[in-house]
Amino acid sequence: MIKVIIADNSDLMSKKAAQIFAERIKAKPNVILGLATGGTPVKMYKELIRMHKQEGLDFSKVKTFNLDEYLGLAPTHDQSYRYFMNTNLFDHINIKKENTNVLNGLAKNADEECKRYEEMIKKAGGIDIQLLGIGGNGHIAFNEPGSAKNSRTRVVSLTERTIQDNARFFKDISEVPTKALSMGNGTILEAREIVLIADKTSKADAISKSIEGPQTVDVPASFLQSHSKCTFVVDKDAASKLLKKSYEYVNV
Ligand code: GLP
């Protein structure tokens, strides 16, 4: 069952999600975090940086694994997810860079890189809490519609819609990579806890299908219904197509 928290707006959604992560870090200083990229987590990461600077939230023992990376982009490319994580979070907190893991988009053998990543997650003891965003088509990480529930970290092709959605970050749509390395749905579902964040009406359809629709490969986020500890933190706009009214409302 998915627990749903509806925040008044996107700022409060970000604060609430940051609070959940901060609590887990305080409870277990060597926590293993699964992290996500995209526009949605930026404000949440800002809030974690604020908590580090003003409240001493300590990342010195924290380890992280990111969900995905574009195939063919160097870690220094300003649209690579490694670059995103460094500039939006890691460079501003006291995390050890060697404790941060992002798939290598330039690996000579991408399949081997995916295997290596799975092994590293296992060796670290598994992910304690995984952050997710959601694609407008219901994808999680880069598990596009059609991705099996038990899929593992692998090379994937992006759908036209995802390429279009992500084109806003690139100079031209022709520069958006068409392939990526991505944790699988099965990899994600093994995290001990999952928090998905979403804002804006463009996500409302995907959010309602994921929570209230059937579990289906057509909407990979719907597989999260089978997880024992999964929370969606969404703003009012992203929640606007939910039919049931029994969700938790917060003004954090
Ligand atoms: C990309 C990422 C996803 C992310 C999604 C939504 O496709 N691979 O992990 O959830 O974009 O991004 P945004 O938050 O920018 O809407």
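The values are calculated or read from the model by the stated rules, or taken from the named source; none is laboratory data. Just so you know, these numbers come straight off a predicted model, no measurement behind them. Note that each Cβ is placed from the backbone with ideal geometry, even for glycine, and that neighbours are counted across all protein chains shown. What goes into the accessible areas is simple: the full protein's heavy atoms, side chains included, and nothing from ligands, DNA or RNA. Shrake-Rupley method; radii C 1.70, N 1.55, O 1.52, S 1.80 Å.
Below are the figures for this structure:
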item: Peptides 191-203, 110-122 ordered by average Cβ neighbours within 10 Å, highest first; result: 191-203, 110-122
item: Mean-position separation - Cα centroids, segment 114-140 and segment 7-84, in angstrom; result: 14
item: Student exercise, the chain dipole from Lys, Arg, Asp, Glu Cβ charges, in Debye to nearest 20; result: 560
item: Pairs of Cα atoms farther than 35 Å apart, segment 2-250, %; result: 7
item: Segment 2-250: relative contact order in percent, alpha carbon pairs under 8 Å with at least 6 residues between; result: 27
item: Relative contact order [Cα under 8 Å, 6+ residues apart], segment 167-226, whole percent; result: 21
item: Inter-site label distance for Asp218 and Arg168 at 7 Å from Cα along Cβ, in nm; result: 2.6
item: Residue pairs, from the table Lys115/Lys179; Lys96/Lys179; Lys3/Lys179, whose Cα atoms sit over 24 Å apart; result: Lys96/Lys179; Lys3/Lys179
item: Residue-level accessible surface for Val42, protein heavy atoms, 1.4 Å, Å²; result: 30
item: Mean ellipticity per residue at 222 nm, deg cm²/dmol - from DSSP H runs of n ≥ 4 across the chain, formula -39500 (n - 2.57); result: -9000 deg cm²/dmol
item: Counting DSSP beta bridges with both ends in the chain, the antiparallel % (nearest 5); result: 25
item: Phi-based couplings in Hz for segment 152-160 (Karplus 6.51, -1.76, 1.60; Gly and Pro marked x); result: 10, 4, 6, 7, 10, 9, 8, 6, 4
